[in-house]
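First up is the structure itself, then whatever we jot down about it.
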Amino acid sequence: MTVDPYVLHINGADHPVVDGRIDESLLWVLRERLELPGSKNACEEGECGSCTVRLDDEIVCSCLVLAASAAGRRITTIEGLAAEGELADVQQAFIDAGAVQCGFCTPGLLVAIDRLLDDHPDPEELTVQEAISGNLCRCTGYGRILAAVQLAAAARRGSETQAVVR
Amino acid sequence: MSVVTTPQRIDRTGRVGENAPRPDGIPKVTGDFAFSGDFRHAGMLWGGTLRSPHPSARVLSVDVSRALAMTGVHAALTWEDVPGSLHYGLEHPDQPVLADGVVRYQGEPVAVVAADHPDTVRRALDAIVVDYRELQPLIDPELAEEAPPIHPDGNLIRRIQLRHGPQEAVGDVAVEGTYEVGMQDQAPLGTESGLAVPDDRGGVDLYVSTQDLHADRDQVAACLGLEPEAVRLTLAGVGGAFGAREDISLHVHLCLLALRTGRPVKMSYSRTESFHGHVHRHPARMWYRHHARADGTLVRVEARLLFDGGAYASTSSAVLANATCFAVGPYRVDSAQIEGVAVRTNNPPCGAMRGFGCVQVCFAHEAQMDRLADALGMDPVELRLANALEPGDRIITGQRITGTAPVAEVIRSCADHPSAAARSDNPMSRPGGAGRTADVEHVVRGEALAVGFKNLMFSEGFDDYSTAACRLADGVATITSACAEVGQGFVTLAHQIAHEVLGVDEVVLAPVSTATIASAGSTSASRQTWMSGGAVQAACEAVRARLLDRVAAAHGVPVDDLVLVDGRVAALSGAFEMDLAEATAQPVEAEEVYRHAPTVALDDDGQGDAHVSFAFSAHRAIVDVDVDLGLVKVVELTTSQDVGRVLNPLQVIGQLEGGAAQGIGLAVLEELQVAEGRILNPSFTDYLLPTALDMPPVEIAALIEQPEPGAPFGAKGVGEPPTISSTAAVAAAVRRATGLDLPRVPIRPADIAFRGGTGQRPTGEDPS
């Protein structure tokens, strides 16, 4: 059953959804209707965090959100974490720290960690572990991911300090 | 949010031994990297699979007419629509593409459908009527050999009777134990997915995640009844593998649907379907008896190993060979009798998973070594050191170790490494997490060490090779190899090797496809660094030699006078120097095939030089256990590993940490629970993978660098050892903490709670 057209506000742009079905998840609409496949599907029941996106300031598993219910919210996906041609601090840190292997969990983790650092500019290890315990990674054992978080946090603190000095 | 500006391609690769960045790193962090489930195609249909709900049944009829009549359904196929071979298999073609009259495990594919939307696919699958006559499933592997055959090939997949040395040897002390390992799943985060696109000549292109494109291609082509050249496989982004992608899954189904409908077809398994759609690590039952002299010298080991292969053979016979050959661990013992048996049952099919047969026996032989140490009153580390294999020793297949074997070094460095584990007051760090531990005062700590080893590359006479091509043009090296990058970082090493040999900064990896180059073999058995690394090195060296010959001839200088370094061709005499881009304005190309030293089959006594090389590792685990609730917190894991040579330190660390996580999972968390042939927990809600909170810090005590003779750059594969000894170490530490025997992994809360764990060391008496 199709629903009336609605608009999703994603990464700063409006995306109309036409001929959508009412039971489609935000993850499905992102991936299959709007050609934003960066968010991944590994469990479709909110256990793995591969589909993590930001709804306003809230971190959600997009597989558990009905797409139409996200109309009117500010949606940030991995594709919108940095401007075109640039890398966000967390993205650069993942590369530098060796936190990327197969890369399937990476988009969800990056969105979650980017949000974490907003509230915790200098997070303790246990805080990070708890914050990302909803994001499964099967390759890394999390060691390099935790290292990447510290790198990204230091970079972000550094850039903010510079901003104040300027 | 702060932003770092970074170019979109790697312009700085590293030399061998450096932390070169991954060439696929940027697309993987921006979301641009195309995994196999991310492909779309104009006019694309969706595919789906109808699976048997029964572990054993006759299929009396399959009626797809109602599905075919539905709007939006374009095809509904059964075994009668398979034009070529009805069966496939990596080692033995014994598995039906679609059930032909019998289903032998729950989840076996019966029919496939293509339709315009996944919802239509689901409804069409529901509309297919299958008339099953249920049979009593064969679920106990102990009964398999006597039971009526569940498959025309019989219920015995393989038996190996290994006999080594004098069979009557006895020592002063004997310890005996029976051990069990549950069924672990590889659980790569990316589920099986792919896209098949028919061409206009009756052939098909398949974009799929896999560990071995060419082995897949050959099986798919045989089932489609097509020449191999008419079936082209291209590697799509692989969301992890760990053995789950050695066998084909949806490959033939997708191609059948695409060829029937004349349209591109995409399929993507759900997590539940994925648990049913690939093989698992073999559950094993293992009986052992170790004989030793009073001074700790191992005299003889007897063992019987029973591996449940499930319904189809997959790689069971190679897994069993590993379990049998490495049954005693990395120890010198002159007398052994090991009976390895792999059987067929109506349980889920089992096959490859990281560690490949060595994980199960390591758990058992290390438990035996601890039991022996207790019986002898010896320190368990000293007992291991006293028996540690050395170069020149023979393993129980009679094969002499001609390469490196730093067993004592990995044990000693791991055991001596200072522990950083303190007792944390944070409730989050307790067993079970915040608020779960019953009584903090009852939490006990245990520490133990385990050692393991494994073969690298394929064994038993397999013609194991890898092909690579290099093209150097305008100063840019293009490498072509069909090696499947599954996350391990071969793409980085290929860059590093090309850079090392050719002195070029700019390296491009061509798309990975069966259409452009011959096989690189499987991304498994810790073999690609050695095999495809060796092929890339050989291809680059051939290009280098051809280029220098050409330049030498053109300039009338001896070739020995020329060097290729830092993007320049230079004469040592100083006669001339030219830019590499200029020197390769006319391209230079080479394709090379790399083979490792040949191996032979095992003889009737399980003897022979069946393996190429061996890699060793040790883990020391420290655990906290809540004995009231049976909860375990792994506090720290320390490891040393025999790596030959480190080619990329960060990637090695990534393998050691990631492999250890899978080992911890098997020790205390992960088990596919199977009852009456049915999987009870096929979801991430119920199959528990280690999270960031479950993982302790992994301390790397030592990477033992003793270059392996014959290995490109001296490097051994590093992927599997971390998964082998970690499980055994964690289980042993829980034993030390609780005083319980704990002969089974994963250790479940009920194995500890209410079992009277005392926190005392085990006494080492024989189990009754």
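In the stretch B:125-166 the Cα-Cα distances spread across 5 Å bins starting at 0 as 5, 14, 18, 14, 11, 12, 11, 7, 2, 3, 1, 2, 1 percent of all pairs. Peptides A:9-17, B:540-548, B:291-299, B:327-335 ranked from most to least packed give B:327-335, B:540-548, B:291-299, A:9-17, packing being the mean of other C-beta atoms within 10 angstrom over each peptide's residues. Between B:Thr516 and B:Thr71, the FRET efficiency from the beta-carbon distance, with R0 = 35 Å, is close to 0.30. Tell me, what is the percent relative contact order of chain B, built from C-alpha pairs under 8 Å that lie six or more residues apart? Computed over chain B, the figure is 16 percent.
So what's the convex hull volume per residue for the Cα atoms of the stretch B:465-595, in Å³?
94
For the pair B:Asp579 and B:Asp463, the difference between a 0.36 nm per residue extended length and the Cα-Cα distance amounts to 37.7 nm.
Taking the highest mean first, how do the peptides B:740-751, B:350-361 order by number of other beta carbon atoms within 10 angstrom per residue?
Top to bottom by mean Cβ count within 10 Å: B:350-361, B:740-751.
Short-range pairs are left out: with C-alpha atoms under 8 Å and at least six residues apart, the relative contact order of the stretch B:22-110 is 36 percent. First obtain the Kirkwood hydrodynamic radius of the protein assembly as shown from its Cα pairs, then insert it into the Stokes-Einstein equation at 25 °C and 0.890 mPa s, and state the resulting D in µm² per second as a whole number. It comes out at roughly 85 µm²/s. Within chain B, helices built from complete DSSP H runs that reach 27 Å or longer along their own axis (Cα positions) and carry a mean Kyte-Doolittle hydropathy of -1.0 or higher are B:528-555, B:649-668.
Which whole-number percent is the relative contact order of chain A (Cα, under 8 Å, 6+ apart)?
22
Counting, for every residue in B:238-249, the Cβ atoms of other protein chains within 10 Å of its Cβ and taking the mean gives 2.
Mean partner shielding of peptide A:103-112, defined as the number of other chain Cβ atoms within 10 Å of each residue Cβ, is 5.
Within chain A, the selection of entire DSSP H helices by a Cα span of 15 Å or greater along the long axis and an average Kyte-Doolittle value of at least 0.5 returns A:106-119. When both the stretch B:413-485 and the stretch B:204-280 are represented by their alpha-carbon centers, they are found 28 Å apart.
Rg and Dmax of the stretch A:6-80, based on Cα coordinates, read 10.8, 29 Å. Each of A:Glu125 and B:Thr685 was given a label point 7 Å from its Cα along the Cα-to-Cβ line. The distance between the two points is 3.4 nm. Amide H to amide H distances under 5 Å link B:Val612 with B:Leu456, where only residues 5 or more positions off or on other chains count and H is placed in the peptide plane.
Rounded to 0.05, the FRET efficiency of the A:Val7 and B:Arg122 pair, given R0 = 45 Å and the Cβ-Cβ distance, is 0.95. For the protein assembly as shown, the antiparallel share of DSSP beta bridges with both residues in that region comes to about 80%. Annotation: extensible slack from B:Phe754 through B:His41 equals 250.9 nm (criterion: 0.36 nm per residue apart, minus Cα-Cα distance). Determine the calculated [θ] at 222 nm for the protein assembly as shown from helices alone, applying -39500 (n - 2.57) to every DSSP H run no shorter than 4 residues and normalising by the residue count; nearest 500 deg cm²/dmol. Helix contribution divided over all residues of the protein assembly as shown: -8000 deg cm²/dmol. Within 10 Å of the Cβ of each residue in B:649-659, the mean number of Cβ atoms contributed by other protein chains is 5.
What order, most packed first, do the peptides B:387-396, B:58-67 have when packing is the mean number of other Cβ atoms within 10 Å of each residue?
B:387-396, B:58-67
Rounded if a/c is under 1.5, else prolate if a/b beats b/c, else oblate: with a ≥ b ≥ c from the C-alpha gyration tensor eigenvalues square-rooted, which is chain A? It is prolate, given that a/c is not under 1.5 and a/b is the larger ratio.
Ordering A:Gly141, A:Leu126, A:Ala152 by the projection of their Cα atoms onto the charge dipole of the stretch A:89-165, which places +1 on the Cβ of Lys and Arg and -1 on the Cβ of Asp and Glu, puts A:Gly141 at the extreme positive end. Largest first, the extents of the alpha carbon coordinates of chain B on the three principal axes equal 78, 77, 62 Å.
You can think of it this way: the chain between B:Leu572 and B:Arg595 has 4.9 nm of extra reach, that is 0.36 nm per residue less the Cα-Cα gap.
Read-outs throughout are calculated quantities, based only on the coordinates presented, and are distinct from any laboratory measurement. What you see is a predicted model; the values in this text were computed from it and never measured. Using ideal geometry, Cβ is built from the backbone for each residue, glycine included, and neighbour counts are taken over all protein chains shown.
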